[in-house]
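Colleague: Before I ask anything, here is the structure I am working with.
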Amino acid sequence: MNDLVTLQKLLTVSEVKYDQQRQALSKLLQEEYRLRNELIRLSEMGRTAQQQTKTTAVMQAIGADLLWQGWLGRARAEQNMKLARVLARKEHEKGKVRQAFGKVAAVRELINQAQQTQRKAAARKDLNLAIGNAIK
């Protein structure tokens, strides 16, 4: 019985840790989504600027198109670097989530085994008691 109580406490701790790991991964997934949307927005800005031929001709005349393309390139590169860092952290966090889940699953299995052992012991005790009463 004492082992089962200890295992239940361990399960509670393991589940809390698993939830924390999932929340950390969730935050990284949100950041990844935000960065990908920002990259899409930058690409759309670039396409829109290229499609506006009248503005492009004026911008070319003053050299602003080169400045714009340079800024756009730097902005994309910066967002891609941020995204790469988030993806690396995401892979690391996914490993932590898998490990935390494995611990929860292992403790649950240990609890099941302990409960089965207790049920078998109780059944043996009841059987021995019944046999003892039948013999008397």
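The values are calculated or read from the model by the stated rules, or taken from the named source; none is laboratory data. Here the structure is a predicted model, which means the values were calculated and not measured. Using ideal geometry, Cβ is built from the backbone for each residue, glycine included, and neighbour counts are taken over all protein chains shown. Note: areas computed on protein heavy atoms with side chains; ligands, DNA, RNA excluded. Shrake-Rupley method; radii C 1.70, N 1.55, O 1.52, S 1.80 Å.
Colleague: Report the one residue of THR117, LEU83, ASN128 whose Cα lies farthest in the direction of the positive end of the charge dipole of segment 61-136 (charges on C-beta: Lys and Arg +1, Asp and Glu -1; origin at the Cα centre).
Modeller: My answer, from the dipole projection, is ASN128.
Colleague: While we're on this one: How many percent of the accessible area of the chain is carbon or sulfur, using a 1.4 Å probe? Display every interim value, and only then the final one.
Modeller: On the way: 5840 of 10130 Å².
Whole-percent figure for carbon plus sulfur exposure: 58.
Colleague: Something else now. What accessible surface, in Å², does a 1.4 Å probe find on ARG98, ignoring ligands, DNA and RNA and rounding to the nearest 10?
Modeller: Per-residue accessible area (ARG98): approximately 140 Å².
Colleague: May I ask which of LYS103/LYS125; LYS17/LYS94; LYS17/LYS120; LYS27/LYS82 have a Cα-Cα span longer than 22 Å here? All intermediate terms of the calculation are to be shown ahead of the outcome.
Modeller: Values: LYS103/LYS125 33 Å; LYS17/LYS94 13 Å; LYS17/LYS120 32 Å; LYS27/LYS82 14 Å.
Distance filter (> 22 Å) returns LYS103/LYS125; LYS17/LYS120.
Colleague: Related question: Enter the angle in degrees (range 0 to 90, nearest 10) between the Cα long axis of helix 53-62 and the first principal axis of the Cα atoms of the chain, meaning the one along which they spread out most.
Modeller: For helix 53-62, the angle is close to 70 degrees.
Colleague: Here's another thing I want to ask about it. Which sequence of ASP126, ASP19, ASP65 reflects their accessible areas, 1.4 Å probe, from the largest down?
Modeller: Highest to lowest solvent-accessible surface, that is ASP126, ASP19, ASP65.
Colleague: While we're here: Between segment 78-136 and segment 9-49, what is the C-alpha centre distance in whole Å?
Modeller: 28
Colleague: Averaging over all projection directions, find the projected area of the Cα convex hull of segment 65-132 and quote it in nm² with one decimal place. Don't skip to the answer; put the middle values down first.
Modeller: Details: hull surface 21.2 nm².
With every direction weighted equally, the projected area is 5.3 nm².
Colleague: Classify the chain from the C-alpha gyration tensor, please: rounded if a/c falls under 1.5, else prolate or oblate depending on whether a/b exceeds b/c. Don't skip to the end; give the middle numbers.
Modeller: Details: a/c = 8.81, a/b = 5.89, b/c = 1.50.
In terms of gyration-tensor shape, prolate.
Colleague: Mind putting a number on the dipole of segment 62-123 about its Cα centre? Charges go on the C-beta only, +1 for Lys and Arg and -1 for Asp and Glu, and I need it in Debye to the nearest 20. Intermediate results must be reported in sequence, preceding the final value.
Modeller: Numbers: 13 positive and 5 negative charges, 80 e Å.
It comes to approximately 380 debye.
Colleague: Taking the Cα centre of segment 1-117 as the origin, how large is its charge dipole in debye, to the nearest 20, when only Lys and Arg (+1) and Asp and Glu (-1) carry charge on their Cβ atoms? Provide the component values of the computation, followed by the final result.
Modeller: Details: 20 positive and 12 negative charges, 29 e Å.
The dipole of segment 1-117 has a size of about 140 debye.
Colleague: Charges on Cβ only, +1 for Lys and Arg, -1 for Asp and Glu, centred on the Cα centroid of the chain; of GLN30, LEU66, VAL16, which one is farthest towards the dipole's positive end?
Modeller: It is VAL16.
Colleague: Mind telling me which of GLN113, GLN79, GLN99 comes out most flexible in a GNM of the chain, alpha-carbon contacts under 10 Å?
Modeller: The residue with the greatest mean-square fluctuation here is GLN113.
Colleague: Provide the per residue accessible area, probe 1.4 Å, for the chain, rounded to a whole number of square angstrom. Please report the intermediate quantities before stating the final value.
Modeller: Values: 10130 Å² over 136 residues.
It amounts to 75 Å² per residue over the chain.
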